[in-house]
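Since the structure comes first, as structure tokens, the remarks are kept for the end.
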Amino acid sequence: STMRKRETTDSPHSSTDLSEGKEKLRLKQEVGLISGVSLIAGTMIGSGIFMSPEWVLHHMGSPASSLLIWAACGLLAMFGALSYAELGTIIKESGGEYIYILRTFGSFPAFLFAYTSVILVRPAGLAAVCLSFAEYAIAPFYPGCSSPQVVIKCTAAACILLLTIINCLNVRLATSIMNIFTAAKLLALLVIVVGGLVLLAKGQTQSFQNAFQNTTAGIRAVGVAFYQGLWSYDGWNNLNYVTEELKKPEVTLPRAVMIAIPLVTCLYLLVNVSYLAAMTPSEVLSSGAVAVTWGDKVLGSWAWLISLSVALSTFGSSNGTFFSGGRVCYIAAREGHMPDILSMAHVRCLTPSPALLFTSAMSLIMIISGSFTSIVNFFSFIAWLFYGMTISGLLYLKIKKPELPRSYKVPIIIPIIVLMASVYLVLAPIIDQPQIEIFYIVLFIFSGIILYFPLVRFKCHPRFLQRVTLHLQLFLEVAPTTRDAN
């Protein structure tokens, strides 16, 4: 394929160079420390903290035990992110779990991850977050009644299309929006925290008297509570998906993790304390949306600010999910596990626009069909299955290849703890309460075998695909990219 030659510059952000007479195209390194922190925190803080507390409390039975679960989830997310930070300094490539599984375990398991993630997990996750955004965004227009499903779906689709345009135009534009919405949602959480501290100062501490009373000690209850809490922490690994776009990744990656996750964990704990200061445990459990109920009790006529905050929060989270999720598709295509067109970048905007457009299309299909909701409930099962595989790869590299250069090392006990937790989170729902949906998910993952051997292993590509790729390349104004030399 051919592309129009452009003059190279001496700018530090230049993404092209000349080597042996051929121009190379790369994604820009635009993500600094602030944007990195925003990507992690902005993706983690979605709708979870506004919705999940009642479910964690429901499964644990007491305020104190539910706060312990929130703290333990934050600690597990921190341990996982620190383990990923070491992987990111050993394997300085974008793609997260995909690229780590590929480099440590080989092509076949990496393809199964990419196939599952690109076709199912990332698009459905994005669709779910955008639907959540749509529900809160249009709720004020339908007071006293539920919003029509067609309006919710159209709003969610419009959200996805807007995110597609933003992320295809410019990486800096996408990260700037991420920074703005992260600041907005942090401000919203601070309002809840301050409101809770004022209530505590006034003596509203009845929820914390005999705080461990009625605690549930069952293994299943603890496991389900962990699932609910960890869903609110999901996104702790997002910076590893864009390693090649980080400025000084060996420094930025660990620092961003160490800033973002403790910040989010502290906020989550303080927000939960605020909920319990404003409401009794029974009121929290009977609330359909705990943050909205908190707003009605504490803010009065200003309660609409909470609905607006949740809408802003979910939009920012969906932008982070979209930004990182498109990179998995892009990297997998660059490694030959997806069609070539998905590995290309726009010649002027320097964004992986074909991969982003594909992710957008898959998300729109899931919104229209509305059949993904049962699968979304088991995302934690898929996620922790591959998290465990990735962490075992880190343990392999630490034990078998300690000589590999790395600028950051995590104590070996930390990935061991994460691996044990991932094994528990994968096996607990299967052993305690097996459900047919888990079988369907496993079946879907291994259905990738049908595609892997003819298309990837033996490279049996129909000729018409080359023509389609060429026409799409010309239409979308994209060209193949190269890895960062660093």
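The values are calculated or read from the model by the stated rules, or taken from the named source; none is laboratory data. Keep in mind that this is a model prediction, so the values were computed, not measured. Because the Cβ atoms are built from the backbone with ideal geometry, glycine has one as well, and the counts that use them run over all protein chains shown. These area figures cover heavy atoms from the full protein model, side chains too; ligands, DNA and RNA do not enter into them. Shrake-Rupley method; radii C 1.70, N 1.55, O 1.52, S 1.80 Å.
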Practice problem: May I ask you to list the residues in segment 418-429 that are among the hydrophobic types (A, V, I, L, M, F, W, C) and open to solvent by 70 Å² or more (accessible area, probe 1.4 Å)? | Solution: M420, V423, L427
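Criterion first (under 19 Å from the mean Cα position of the chain (by Cα), assigned to a helix (DSSP H, G or I) and at pLDDT below 85) does A188 satisfy it?
Details: under 19 Å from the mean Cα position of the chain (by Cα): no; assigned to a helix (DSSP H, G or I): yes; at pLDDT below 85: yes.
No: the conditions fail for A188.
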Quiz item: In segment 175-182, is there at least one residue being buried (at least 22 other Cβ atoms within 10 Å of the Cβ), of a type in the set (V, I, T), within 18 Å of the chain's Cα centre (by Cα) and within 25 Å of L394 (Cα to Cα)?
Solution: no
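For the condition under 23 Å from L76 (Cβ atoms) and β-branched (V, I, T), what is the one hit in V468, V410? First the steps, then the outcome.
Details: V468 fails: under 23 Å from L76 (Cβ atoms).
The conditions single out V410.
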Quiz item: From the list A311, A333, A277, A291, which one is assigned to a helix (DSSP H, G or I) and free of Cβ contacts under 8 Å to residues at least 24 places away in the same chain?
Solution: A333
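Residues checked against (1) within 20 Å of T469 (Cβ to Cβ); (2) at pLDDT 80 or above; (3) part of a loop (DSSP other than H, G, I, E, B); (4) open to solvent by 20 Å² or more (accessible area, probe 1.4 Å):
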{"site": "H337", "(1), (2), (3), (4)": "yes, yes, yes, no"}
{"site": "A355", "(1), (2), (3), (4)": "yes, yes, no, no"}
{"site": "F358", "(1), (2), (3), (4)": "yes, yes, no, yes"}
{"site": "M362", "(1), (2), (3), (4)": "yes, yes, no, yes"}
{"site": "I367", "(1), (2), (3), (4)": "no, yes, no, no"}
{"site": "S371", "(1), (2), (3), (4)": "no, no, yes, yes"}
{"site": "F381", "(1), (2), (3), (4)": "no, no, no, no"}
Practice problem: Take T252 and decide whether it is modelled with pLDDT under 90, touching a strand residue (DSSP E or B) at 6+ places or on another chain (Cβ under 6 Å) and assigned to a helix (DSSP H, G or I). | Solution: yes
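In the list F141, F133, F105, F111, which residue meets the criterion of being aromatic (F, W, Y), at pLDDT below 90 and in contact with a helix residue (DSSP H, G or I) (Cβ under 8 Å, 6 or more places away or on another chain)? Even if it seems obvious, please write down each step before you answer.
Values: F141 fails: in contact with a helix residue (DSSP H, G or I) (Cβ under 8 Å, 6 or more places away or on another chain); F105 fails: at pLDDT below 90; F111 fails: at pLDDT below 90.
Only one candidate qualifies: F133.
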Quiz item: In this structure, does F108 turn out to be assigned to a helix (DSSP H, G or I), open to solvent by 20 Å² or more (accessible area, probe 1.4 Å) and in contact with a Ser or Thr (Cβ under 6 Å, 6 or more places away or on another chain)?
Solution: no
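With the requirement that a residue be open to solvent by 10 Å² or more (accessible area, probe 1.4 Å) and either under 17 Å from A383 (Cβ atoms) or assigned to a helix (DSSP H, G or I) (or both), what does segment 70-94 give you? Walk me through it before giving the result.
Restricting attention to segment 70-94, the residues satisfying the condition of being open to solvent by 10 Å² or more (accessible area, probe 1.4 Å) are 71-72, 75-76, 78-79, 82, 90-93.
Selection gives A71, A72, L75, L76, M78, F79, L82, I90.
Of the residues in segment 435-482, how many are part of a loop (DSSP other than H, G, I, E, B), open to solvent by less than 100 Å² (accessible area, probe 1.4 Å) and not small (G, A, S)? It would help to see each step written out before you state the result.
To start, the set of residues in segment 435-482 that are part of a loop (DSSP other than H, G, I, E, B) comprises 435, 447, 458-462, 477, 481-482.
Cutting the leftovers down to open to solvent by less than 100 Å² (accessible area, probe 1.4 Å) gives us 435, 447, 460, 462, 477, 481-482.
This time we only want the ones that are not small (G, A, S), so: 435, 460, 462, 477, 481-482.
The total comes to 6.
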Exercise. Kindly indicate which of A256, A278 is more than 27 Å from the chain's Cα centre (by Cα), farther than 17 Å from S47 by Cα and of a type outside the set (K, R).
Key: A278
Quiz item: Within segment 148-156, can one find any residue that is assigned to a helix (DSSP H, G or I), surrounded by fewer than 23 Cβ atoms within 10 Å (Cβ to Cβ) and basic (K, R)?
Solution: yes
Quiz item: Only one of (1) open to solvent by 10 Å² or more (accessible area, probe 1.4 Å); (2) farther than 30 Å from A110 by Cβ fails for V290. Which number is that?
Solution: (1)
Quiz prompt | Positions within segment 57-69 being surrounded by fewer than 24 Cβ atoms within 10 Å (Cβ to Cβ), in contact (Cβ under 8 Å) with a residue 40 or more places away in the chain and assigned to a helix (DSSP H, G or I), in sequence order | solution = H58, H59, A64, S65, L67, I69
Quiz prompt | Looking only at segment 25-56, and only at residues there that are closer than 18 Å to S176 by Cβ, at pLDDT 75 or above and of a type in the set (V, I, T), the one that is nearest to the chain's Cα centre (by Cα) | solution = T43
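G218 - would you say it is over 14 Å from A41 (Cα atoms), free of Cβ contacts under 8 Å to residues at least 24 places away in the same chain and surrounded by fewer than 21 Cβ atoms within 10 Å (Cβ to Cβ)?
Working: over 14 Å from A41 (Cα atoms): yes; free of Cβ contacts under 8 Å to residues at least 24 places away in the same chain: yes; surrounded by fewer than 21 Cβ atoms within 10 Å (Cβ to Cβ): yes.
Criteria met by G218.
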Exercise. Give the residue, chosen from L299, L312, that is closer than 30 Å to N170 by Cα, open to solvent by 10 Å² or more (accessible area, probe 1.4 Å) and at pLDDT 80 or above.
Key: L312
Self-check item: Filtered residues of segment 118-172 (kept if touching an Asp or Glu at 6+ places or on another chain (Cβ under 7 Å) and charged (D, E, K, R))
Solution: R172
